[in-house]
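So the structure is just underneath, and the comments pick up after that.
Throughout, read-outs are computed from the coordinates displayed, never taken from laboratory work. Fair warning: this is a prediction, and the values are worked out from it, not measured in the lab. Methodologically, a virtual Cβ is constructed for each residue, glycine included, from the backbone with ideal geometry; neighbour enumeration extends over all protein chains shown.
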Amino acid sequence: MEKIQFSLLLKIIGLGSASGLIYHNNTIVGIGDNSTYLYEYHMDDSKLEKHPLAVISQEATPKEFKTDFEAITQYQDSLYIFGSGSTDKRNKMLKVDANTKKVISVTDLSDLYFSLQSFGEIKPEDFNIEGAIYNGNTWYLFNRGNGKTNQNILFTVDGKNLTDEYRIVVNHYKLPKIKGVRTSFTDAILVEDKIYFLATAEDTTSTYDDGAILGSVIGRIDLKTMKIDFTKKITDTHKLEGIALYHKSDEDIEFLLCEDNDTEVFESNVYKLKILGL
């Protein structure tokens, strides 16, 4: 039987509303959904660096103007950062050099996001990309079902690019409830042939407005069957929005998780989640 251990690992002062993270060589690279900076936190000396992602970068961007960077993934030496698509100002994907942290390119995903909505039969007000994975050939994009229709969707996108030559496969998921509220995707990561995902229960029917946090779960999708083979509640109080692999052995697997505190306070908690017997 699976057992989990969930504990606070560290606090990053200077990063607010954390929405995604990458871990490599004792360094955490993170994004915040109200910021146009990329944050690099060195765990050895607790040093935080900020790298601009726009010509004029800012923190605590007003909600109506923010780019809403909600998903980050890495393949080889490139980072890919996605806007949520929940408004027409949130349709950009940034490709960033993982070593220099410089922006390589900016892609407008408006056409792709429209296609995802069409293929997924999802209304624009229920569209909200919160997780992304890239393995060099295929993109996996996760729609958070916190709109009125609760559409938790995994979009599989193959093709030469994300602008005009791609194929889309759609998988809908019914995720567990916490206190009567359906959880919804907030991030995901690929480990071998399994996708581990986070999902949070938030008492709202809007992809734009925040609601009361009722807790978060972790789950796993088998890439061969595209079916969920495991879910487990982590917490009743935290809105967990980012997941990165920390350690894996034959006996256990450990992840780093970040929390979106939905406040203007520039600090973010990073937790360690250990799963045994999975």
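Each label point was placed 7 Å from the Cα along the Cα-to-Cβ direction; for ARG182 and SER118 their separation is 2.5 nm.
I'd like to know how the chain sits against the 2.2 N^0.38 Å rule of thumb: what's its Cα Rg over that expected value? Numbers along the way, then the final one.
Details: Rg = 17.1 Å, N = 278, 2.2 N^0.38 = 18.7 Å.
Rg over 2.2 N^0.38 Å, computed on Cα atoms: 0.91.
Under 8 Å for C-alpha pairs, at least 6 residues apart: give me the relative contact order for segment 113-177, rounded to a whole percent. Don't skip to the end; give the middle numbers.
On the way: 110 pairs, mean separation 15.8, N = 65.
Answer for segment 113-177 is 24 percent.
Note on segment 68-121: semi-axes of the ellipsoid equivalent to its C-alpha gyration tensor, largest first and rounded to whole Å, are 23, 11, 9.
Taking R0 as 35 Å, what's the FRET efficiency between ASP158 and GLU125 from their Cβ-Cβ distance, rounded to 0.05? Can you show the working numbers first?
Values: r = 27 Å, r/R0 = 0.78.
Efficiency, rounded to the nearest 0.05: 0.80.
Any chance you could count the Lys pairs in segment 142-207 whose alpha carbons are under 27 Å apart, treating pairs 8 or more apart or on different chains as valid? Mind showing how you got there, number by number?
On the way: LYS148/LYS174; LYS148/LYS177; LYS148/LYS179; LYS160/LYS194; LYS174/LYS194; LYS177/LYS194.
Qualifying lysine pairs in segment 142-207: 6.
Straight-line reach from LYS233: which aspartates and glutamates have a Cα under 16 Å away, not including same-chain ones fewer than 8 places off? Those aspartates and glutamates meeting the cut-off are GLU2, ASP187, GLU202, GLU241, GLU254, GLU259.
What is the extension gain from GLU264 to ASP229, computed as 0.36 nm multiplied by their sequence separation minus the C-alpha to C-alpha distance, in nm to one decimal? Kindly include the intermediate steps, with their values, before the conclusion.
Values: separation 35, 0.36 × 35 = 12.60 nm, distance 3.69 nm.
In short, 8.9 nm is gained.
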